[in-house]
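Engineer: Before I ask anything, let me first share the structure, which is written out below as structure tokens.
Just so it is clear, none of the values below were taken in a lab; they were calculated from the coordinates. Since this is a predicted model, take the numbers as computed values, not measurements. Cβ: placed from backbone, ideal geometry, glycine included. Neighbour counts: every protein chain shown.
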Amino acid sequence: MDIKTIAAYLQLEEEEAGELVELFISTTLSDMNKIRDAVRFNDFENAAGAAHSIKGAASSMGLDRISSLAGQAETLAKEEDFDQMEEMLGRLKREIASLSRRTEAGN
Amino acid sequence: MQTRTPYKILVVDDNLLNLKLIEKSLSKEGYTIITETDGTRGRHAAFRERPDLILLDIQMPGETGFEVITHLKNNADTSTIPVIFLTGVSEVTSKLKGFELGAVDYITKPFHSLEVLARVRLHLKLSIATNSLIEDQARRLRQVAEAQTSMLPLPEDLPGASFGVYYKALEEAGGDFYDIFRISDNIFGYFLADFSGHDIKTSYMTASLKALLAQNCTPVYSPEESMKMLNDVLIRILPGGKFLTACYIHLNRGTRQLTVVNAGHPPIVYLPRAGDPYLIKTEGDILGTFKDARFGKQTIEVRETDRFFMYSDGLVESAENKVTWPRGAEDLLPVIEKTRSANLENAPGCIVESIFNTNTAVEDDVTVICVEV
């Protein structure tokens, strides 16, 4: 998804949408770090909370793929299953990197 | 061209992205946005900035949205500000709790900025409509109250009438009414009435009553005839179910004769210059209901500096303490005796202070008039 599509979804100017994408990326990276820490301490509740936060933020931005991946991460945490969490975080990270490249290219 | 101050929206959410998203979407539409990231700061901002609307997250560090709205609704300065909850929680119980605490709406996260905009617009419109309705009603009531008060004469308006008065309407459209008027050089009329009900209709009726007194309380008619004529007109003009109690003192300082006509009103108190106070019990029918009404009448010889007290039932009755005016009036006598040394203008206020300073709450309009011969 490029910046034009995001701006259209949010009904904002591209520059404003760009600021929000930046904010989204930084908060999502911080939430992903929270999930990693939680996995280390077997803290399922905090992991689910951080994943839920990414899911909501992505949905507000119209970033459906990221939202869906974060939703799956939340389900894993709620089911207390951290086996596949690392893989899920990897997929999320690739999506975020892709978003970052596309939105920067659009600017 | 005059421009209106933009509507101010306070957004309280610990999620920075949500804050930014809402800030950008709403400010683009001309709203002024204030953002706070926790409940306590949000509450302080609400008191400080008095926004037109608040978007409030529920789950936040420190005070939750529920705690914040509870504070806001308990304070008169912020209680009418519409609050919309922003929440990731979509459970029915949580929504119901929010509505119970006074929220006007919910926006469930994740939300689209257009949804936020639509709900903000809707609730601002509703709030403006409600506020203007309330303001309009308050303005009308103030006008009525002003008109009513301007109809009530004060001692300085009629120096020859020698009286003091205390008048306090419980609501802006009061049910008590009094008038004091010169009938001839030595003769003054003192009239006190209490309408059933306190609505706007009642207060418009007081204007009619003032005009009726001017027409019918003249040297041509005896006090009793004046009261009968008032009754005949009031039967025709009062709305159904409305009536009034009244008492009328006709004082001739030339002949030192005082006549009391009573229409279902609490008895007046006579405080002779030398002697104990007593009630002039003159029972009579109420005004404005019966065509063949009969009114209690008594004429007494009076002396200079004797005092008379007329009052509305609000002074002596208490629904809460189950006191009706026959007993309340008896209890008034020692209170009035104590005001003997008070000057004329202060005497009514002293009586009210003495009665309501104890443990009795004011439940009705209160009027007290003290007349000195």
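Engineer: In the protein assembly as shown, what percentage of the DSSP-assigned beta bridges are antiparallel, given to the nearest 5? Provide the component values of the computation, followed by the final result.
Structural biologist: On the way: 47 of 65 bridges.
Antiparallel bridges: around 70 percent, rounded to the nearest 5.
Engineer: Report the calculated FRET efficiency for B:Glu49 and A:Asp83 (r = Cβ-Cβ distance, R0 = 35 Å), to the nearest 0.05. Don't jump to the answer; show the numbers that get you there.
Structural biologist: Details: r = 50 Å, r/R0 = 1.42.
The value I calculate is 0.10.
Engineer: Hey, another quick one. Give me the percent of DSSP beta bridges within region B:1-122 that run antiparallel, rounded to the nearest 5.
Structural biologist: The answer is about 0 percent antiparallel.
Engineer: Among the aspartates and glutamates, which fall within straight-line cross-link reach of B:Lys28, defined as a Cα-Cα distance under 18 Å, with same-chain neighbours fewer than 8 residues apart omitted?
Structural biologist: Answer for B:Lys28, where 18 Å is the Cα cut-off: A:Glu13, A:Glu14, A:Glu15, A:Glu16, A:Glu19, B:Asp52, B:Glu115, listed by chain and number.
Engineer: Counting other beta carbons within 10 Å of each Cβ, put B:Tyr248, B:Tyr311, B:Tyr167 in order, fewest first. Intermediate results must be reported in sequence, preceding the final value.
Structural biologist: Details: B:Tyr248 27, B:Tyr311 31, B:Tyr167 21.
The fewest-first ordering by Cβ neighbours comes to B:Tyr167, B:Tyr248, B:Tyr311.
Engineer: Roughly how crowded by other chains is peptide A:51-62, in terms of the mean Cβ count from those chains within 10 Å of each of its Cβ atoms? All intermediate terms of the calculation are to be shown ahead of the outcome.
Structural biologist: On the way: counts 0, 2, 5, 0, 3, 8, 7, 2, 4, 11, 3, 2.
Mean partner shielding for this stretch: 4.
Engineer: Which length gain, in nm to one decimal place, applies between B:Lys8 and B:Asn75 when the Cα-Cα distance is subtracted from 0.36 nm times their residue separation?
Structural biologist: Gain on extension, B:Lys8 to B:Asn75, equals 22.2 nm.
Engineer: I want to verify a result. In a Gaussian network model of chain B, Cα cutoff 10 Å, which of these has the top mean-square fluctuation: B:Ser312, B:Ser94, B:Ser196?
Structural biologist: B:Ser94
Engineer: Across peptide B:15-26, how many C-beta atoms of other chains are within 10 Å of each residue C-beta, on average? Could you put the intermediate results ahead of the total?
Structural biologist: Details: counts 5, 5, 14, 4, 1, 7, 10, 1, 2, 8, 5, 0.
That average works out to 5.
Engineer: Output the relative contact order of chain B, whole-number percent, from Cα pairs under 8 angstrom with separation of 6+ residues. Write down the numbers at each step before the final one.
Structural biologist: Numbers: 682 pairs, mean separation 46.3, N = 373.
Taking the mean separation of contacting Cα pairs over the length of chain B, I get 12 percent.
Engineer: Normalised by the empirical 2.2 N^0.38 Å for globular proteins, what value does the Cα Rg of region B:189-274 take? Show your work: numbers first, answer last.
Structural biologist: Details: Rg = 14.0 Å, N = 86, 2.2 N^0.38 = 12.0 Å.
Compared with the compact-globule rule of thumb, region B:189-274 sits at 1.17.
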